[in-house]
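Just so you know, all these numbers are worked out from the coordinates, no wet-lab data involved. Remember, it's a predicted structure, so these values are computed and weren't measured experimentally. Please note: Cβ atoms are built from the backbone with ideal geometry, for glycine as well, and neighbour counts cover all protein chains shown.
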Amino acid sequence: MTVAGWYPDPVDPNINRYWDGAQWTPATQPRHIVAPLTSQTAPHRPAKKKPNKTLQTLAVIFLVVFLGGIAVSALDGSDPAPKTTTRAAVEPSQLTEAATPTDTSSKIAGPRDTITYADDGLAVTVTALTEGPSTNQFDGTGTGYSSFTLISFELRNVGNDTLDAADWYAPYLNYGPGGASAEAEWLAGTVNGLRTDDIKGSGLIPPGGIVTATFAYQLTIADLSQATITPRWPGRMVWTGNFAEAFAA
């Protein structure tokens, strides 16, 4: 299992994302490039000055007086009062610790959150996860082909211009600690309330309109306890988290 730490973001190569040891977190930071060190001219050292004889004489006199005072104190026989140094107690919680990532970038959404592309006026939500056989003729039949997870997406036009759902392709799905990818097959959907088996060419979404699209992925819902779904739509936004728990019955 990959240890927790900062790693290159799987979607945006310009940022690092924090991996907590189990899944990607919302925390991000820009990737820094360390500039090569440049040679610097050694600082000028001034020439050593000859010691000042007057200062040396004064230092000797001061040392004699100081030692004489110590001798007088010793003959006096009285113990000097001990000095007490007060040091404030430091609680463990006051110690400096590494900052915990708190960045909640809007490009990261939870399994049931809505991703909104403000520039396009498109709001997308994962609406359902169900298990069952794929109805796509290219998915095959028989052992090894019966277990699919069907993931449904709702595309809502919240803008003022008509959108084309034909531009909405099957999202990328990565799951598990290693981020394995799962292939998707288009199943069916509805365009403005009417069921269709071919969203291409018939998926115009007027302002306020809704399109649903369902894709089959060859895995189980349990496999999605740690997963990331990346829409193939400009904007580099993702859903990530425990989808199995979020959509548990």
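Structure summary
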quantity	calculated
Neighbour-count order for 220, 54, 214, fewest beta carbons within 10 angstrom listed first	54, 220, 214
Cut-off under 5 Å, modelled amide H: who pairs with residue 172 long-range	230, 232
